[in-house]
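The values are calculated or read from the model by the stated rules, or taken from the named source; none is laboratory data. Note that the structure is predicted; figures quoted are calculated from it, not measured. So basically every Cβ, Gly included, is an ideal-geometry build from the backbone, and we count neighbours across all protein chains shown.
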Amino acid sequence: MDPNDIDNYSYNSYDSNNNKKSKISFLDTRKRKEQEEEEEILNEEPKDIDFTDINTEQNDDLIKRDLVFWGTNVKVEDVKKRFRKFIFEFPLPKQKKKFNASQPGIEEEVDPEDDDYEYVFDEKLNDVVKKAKPIKYLYIELLKELHQAKKYHLNVNLKNLIQFDTELYLQWISFPNEMIPLLDEEINQIYKELFKKKKQEDEEDEDDEDEEEDDEDDDDFRIELHPFNLKKSTPMRDLNPSDIDKIISIRGLIIRTSSIIPEIKQAFFLCAVCEATYHANVERGRIMEPSECANCKSKQSLTIVHNRCLFGDKQYIKLQETPDAIPEGETPHTVALFSYGDLIDVARPGDRVEISGVFKANPMRAGSNRSLRSIYKTYIDVLHIKRTERGKRDEDGFENDDQATGSSLDFEDFDLSEEKEKEIIELSKQPDIYDIVTKSLAPSIWELEDVKKGILCQLFGGSKKTYSDYGGKFRGDINILLCGDPGTSKSQLLSYVHKIAPRGIYTSGKGSSAVGLTAYITKDPDTRETVLESGALILSDKGVCCIDEFDKMNDQTRSILHEVMEQQTVSVAKAGIICTLNARTSILASANPSGSRYLPNKSVVENIQLPPTLLSRFDLIYLVLDKAQEASDRKLARHLVSMYWDDQSTSTRKNQVISKELLTNYIYYARKHINPQLSDESSNRLVQGYLDMRSLGGNGKTISATPRQLESLIRIAEAHARIRFSKVVEPFDVDEAIRLVKVALQQAAIDPEHGTIDMDLITTGRSASSREMIYKLKNTIREKLGKKSLNLEAILNLLQPQSQQQQQQPQQQNHQQNYQHIEEVKEALRQLQDEEVIHSSGGVNAEYSILR
C-alpha cells in the first residue's frame with residue numbers, strides 16, 4: 001500500500017449494537033467459533049463424530065490464530081507479528097535502507113557506503129579484510145538505552161511505521177483502545193526476551209533466591225509506548241465525533257497545568273460481614289463496584305478501603321489555539337488534556353506543543369444523583385508531548401526527537417539535527433556574521449540599523465549569573481523601549497520579534513490589565529478549587545514579552561512591571577494564595593508621544609508620560625523619529641512602493657541574507673550552547689568605558705551614567721559575543737556595547753536646554769540644570785513674595801529680571817525658553833506648597849502667599 005493513499009484507506013468493519021468498543025474477549029471469540037463449528041456439523045451428512053478433540057491444544061491454537069478485535073477484522077496474532085517485525089527490523093537512519101510500504105518489511109535496495117564497512121583482522125587469512133558492519137536497528141538500540149537508563153517509556157515515531165508498515169499504522173490510530181494494551185504487552189515481552197535471557201546468562205552462578213528477587217524487579221519494570229508524529233495534525237476547531245476513540249494530533253499553546261491529581265487504578269473492597277476482600281478495576285473513570293459479596297452473598301456489604309487501593313498520577317492541562325491558527329473574527333478554542341505517569345510536569349504554561357493522544361468523550365450528569373444528559377464532555381488522554389517552535393518546520397526523516405529519554409520541554413533542552421548544527425556552526429565562522437544577522441532581522445523594514453542591533457542583542461541575551469556563596473544573582477535579559485512618532489515601524493518590529501523569539505506573548509498596553517499581565521484567580525472546572533491562571537509575563541518566562549502601546553497602560557498596570565523588570569519575579573497574594581512566580585522575560589515595548597508627535601524641546605519623560613522609576617529599568621531606549629529629509633524620504637518611499645508592485649520586495653531579497661527559520665535556529669543554538677565569560681582585558685575595558693561615560697557630564701552636578709548602565713554594558717557585550725559564538729567576551733564586544741548604549745543615551749537622555757547627556761532626565765524626570773534652576777527660583781520667590789498675595793502672572797512679572805538675558809535671543813528660541821521657565825516656576829511653587837512655606841487660595845487664578 002502506498003503511504004500517500006492513507007486517507008483513502010478504510011477497514012471492512014462489522015456493525016455492532018454496542019456504542020463503545022469492547023476489549024479483547026477470548027470467551028466471546030471461543031463461543032462464536034464453537035457456534036460456527038456446530039452449524040457446520042449440523043449441515044453435514046450424519047456420520048460418527050468424535051467430540052473429544054474439541055478442546056485440544058490444536059483447536060486452541062486455531063482459535064488463538066483467528067482471534068480478532070470485537071467489531072473489526074483485525075487479527076490479534078497478525079498485529080503482534082507485524083509489530084515485532086517492525087521493532088526488530090527497522091534500521092537506524094545511517095543504514096540507508098528503503099522499504100516498500102505495500103509489502104511490509106521487504107527491502108527494495110541497500111545503498112552501501114564506506115561508513116557501513118570496517119577493517120578487521122582475519123586470523124585464517126592472516127590479513128586485514130574489509131567486512132560489513134553489523135546492522136543496527138533503531139528500536140533495539142532505543143530499548144538498550146531504556147534498559148541502561150531505567151526509563152519506562154519508548155517513543156515510537158509513527159512516520160517510521162508509515163514507511164515500514166502502513167496498515168499497522170492505520171490499525172494503531174483507528175483502534176487505540178484495543179491496540180495500546182496489546183502493543184504494550186508485546187513490547188514488554190520483547191524487552192524480557194532481549195534482556196532477561198542475557199541477565200540469566202550473566203548470573204548463572206548466583207543463588208536461586210537472588211534470581212527470584214531479580215525476576216520480581218523485572219516484572220515491576222513495565223514499558224509504555226508513546227506514539228507521535230502522525231501523518232497529519234488536526235486543527236483544534238475541526239475535532240468532531242468521528243475522531244472519538246482515535247489517536248489524533250493537535251497543536252496549541254499551554255495556558256494552564258494543574259497540580260498532580262491522585263487517581264484510583266485498582267480499587268480494594270472489604271466485606272463488612274465476612275471480611276472477604278475483592279479487587280475491582282477502573283474503566284473510563286468508573287469503579288466497577290461489586291453489587292454483592294461472592295463469599296457470603298450479602299448485598300451492599302462491600303466498602304472501599306482507600307489505603308489498600310492502587311493510585312496513579314494524573315494532571316489536567318488546558319490547551320489553547322495559537323494566535324496564528326485562529327480564523328478572522330473568532331475567539332480561540334480550548335481543549336482539556338489529561339496526562340499520566342511520565343508525562344506529568346513535562347509541559348508548562350507558555351509552551352507551544354504538539355499533542356498526540358486519544359480523543360475521548362464522557363457523558364455529563366445534571367447532578368450527582370440525576371440521570372445522564374445527552375451532552376458529552378470531550379477530552380484527550382495524552383500519549384506524547386512534543387515541543388514546537390514559531391518559524392520551525394516539521395522535520396521529516398529519522399531525527400531522534402528524544403526517543404529514549406523523553407526529556408523536559410524546557411527551552412534549553414531544544415535539539416537540532418546534525419545537519420542543521422553543521423550549517424549553523426559554518427555560518428557563525430563568517431567574519432561579518434554580525435552584519436548578516438542584522439540585515440536578516442525584519443528585512444522589510446528600512447534602515448534602523450542600530451535599533452535592529454540592539455534588538456538582536458536582546459534576542460541572544462546575556463549570561464545569567466548566580467552566586468551560591470551569598471545567594472546573589474544577576475539577570476541576563478535585556479529590556480528595550482522604542483519611543484517615537486506614529487508610522488515608524490515600531491509595531492512591525494515587535495511583531496517580527498514575536499515570531500522568531502523562543503517563547504513569548506504579544507500584547508497591547510491598552511487592552512492589558514495588571515492581572516492579565518501577571519496572574520488571575522479562577523475556579524478549576526474539575527476540582528472546583530481556586531487556582532492561578534498565568535498571565536502574559538508568566539507565559540513569556542525565558543522568552544520575550546512584546547508590549548505595544550506601552551504609554552496607554554494605566555498606572556496600576558505599570559506598577560507591576562517594576563518587580564518583573566529587575567527581580568524577574570511576580571509576587572501574588574490573592575484569595576488565600578501567596579506565592580512568587582518566575583517571570584524571567586525580556587520586555588520589548590513601544591510607546592507613542594502623548595501629543596502624537598515627539599517634541600525635541602521636551603525630555604523623554606515629558607513626551608511619553610512614563611514614571612522615571614520604570615524608564616530607568618530599560619537597558620536601551622531608542623527614539624524612532626520621523627524627520628523630514630528629502631534624500632531619506634525618497635529612499636523610504638521607493639522601498640515601500642517596491643513592496644507593493646513586486647511580488648517580493650527587491651530590497652528585501654537583497655537584504656535578507658539568511659532565512660527566518662535559520663535565524664531562529666541560530667538564536668536557539670547560541671542561547672543553549674554559548675555562555676561567554678568576561679576576560680581580564682574586556683573587564684578593564686568595561687571599567688574604562690564606564691568612567692568615560694560618567695565624565696561626559698562635564699561638571700560633578702550632571703550624571704551621565706549610573707551603575708545600571710554598567711550592568712547593561714556587560715549584558716550587551718555578552719550578547720554580542722554570543723552572536724559570534726565566542727566563549728570569551730573580547731574588547732571589541734565591549735566597544736560595540738558602549739557604542740549602542742551611547743547611541744541610545746544620546747537620543748533619550750539629551751538635555752534639550754543644554755544638549756548634554758544627563759541621566760537625571762530618565763531617573764528623576766528632570767535634568768540637573770532644571771533642578772538647579774528650580775532651587776534658585778524657590779529662594780527668589782520666598783524673598784520677593786514677602787507679605788504680598790500674588791497670582792502666577794504677577795509672580796512671573798516679579799521674576800522677569802531673571803529672564804532679561806533670554807529677551808536678547810531669537811524669538812522662537814525665546815518662546816521655548818519662556819515655556820520651560822513657566823514650567824519651572826510652577827514646579828517651584830508646587831514644592832514650596834509641599835514644604836508648607838506658601839499656600840494658595842482660589843481656583844484657576846489662584847493667589848499665593850507666605851504662611852504666617
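Side notes on the structure shown:
- Just one of the listed residues (Ile287, Ile304, Ile317) is under 30 Å from Lys159 (Cβ atoms) and not acidic (Asp, Glu), and it is Ile317.
- Considered as a group, the residues in the stretch 527-547 that are in a strand (DSSP E or B) and crowded, with 23+ Cβ neighbours inside 10 Å include one that is modelled with the lowest pLDDT, and that residue is Ser534.
- Residues of the stretch 551-566 satisfying the condition of being without any contact (Cβ under 8 Å) to a residue 24 or more places away in the chain and either in contact with a strand residue (DSSP E or B) (Cβ under 9 Å, 6 or more places away or on another chain) or not assigned by TED's automatic domain parsing to the domain that holds Ile521 (or both): Glu563
- Test: Ser769 is at pLDDT below 70 and not in a loop (DSSP other than H, G, I, E, B): yes
- Counted residues, the stretch 264-300 - those being of a type in the set (A, V, I, L, M), at pLDDT below 85 and assigned to a loop (DSSP other than H, G, I, E, B): 1
- Restricted to the stretch 574-630, the set of strands (runs of 3 or more DSSP E) holding at least 1 residues that are among the polar types (S, T, N, Q) and without any contact (Cβ under 8 Å) to a residue 12 or more places away in the chain comprises 577-582.
- Being among the hydrophobic types (A, V, I, L, M, F, W, C) and either out of contact with any strand residue (DSSP E or B) (no Cβ under 6 Å at 6 or more places or on another chain) or closer than 17 Å to Thr388 by Cβ (or both) is a property that does not hold for Leu310.
- Failed condition for Tyr316, given (1) surrounded by 11 or more Cβ atoms within 10 Å (Cβ to Cβ); (2) free of Cβ contacts under 8 Å to residues at least 60 places away in the same chain: (2)
- Selected residue (only one of Ala501, Ala514 is out of contact with any Asp or Glu (no Cβ under 9 Å at 6 or more places or on another chain), crowded, with 23+ Cβ neighbours inside 10 Å and over 25 Å from Ile260 (Cα atoms)): Ala501
- Considering residues of the stretch 416-457 that are more than 25 Å from the chain's Cα centre (by Cα) and of a type in the set (Asp, Glu) only, the residue farthest from Ala670 (Cα to Cα): Glu447
- Entirely in the stretch 650-735, the helices (runs of 4 or more DSSP H) that have 2 or more residues that are modelled with pLDDT of 85 or more and either at positive phi or assigned by TED's automatic domain parsing to the domain that holds Glu426 (or both): 660-673, 680-694, 707-723
- Neighbours by Cβ (under 9 Å, 6+ apart or cross-chain): first from the stretch 490-515, assigned to a strand (DSSP E or B); second acidic (Asp, Glu): Tyr506/Asp548; Thr507/Asp548; Ser508/Asp548; Ser508/Glu549
- Scanning the stretch 526-550 for residues that are farther than 15 Å from Ala583 by Cα and free of Cβ contacts under 8 Å to residues at least 60 places away in the same chain returns Arg528, Glu529, Thr530, Asp548, Glu549.
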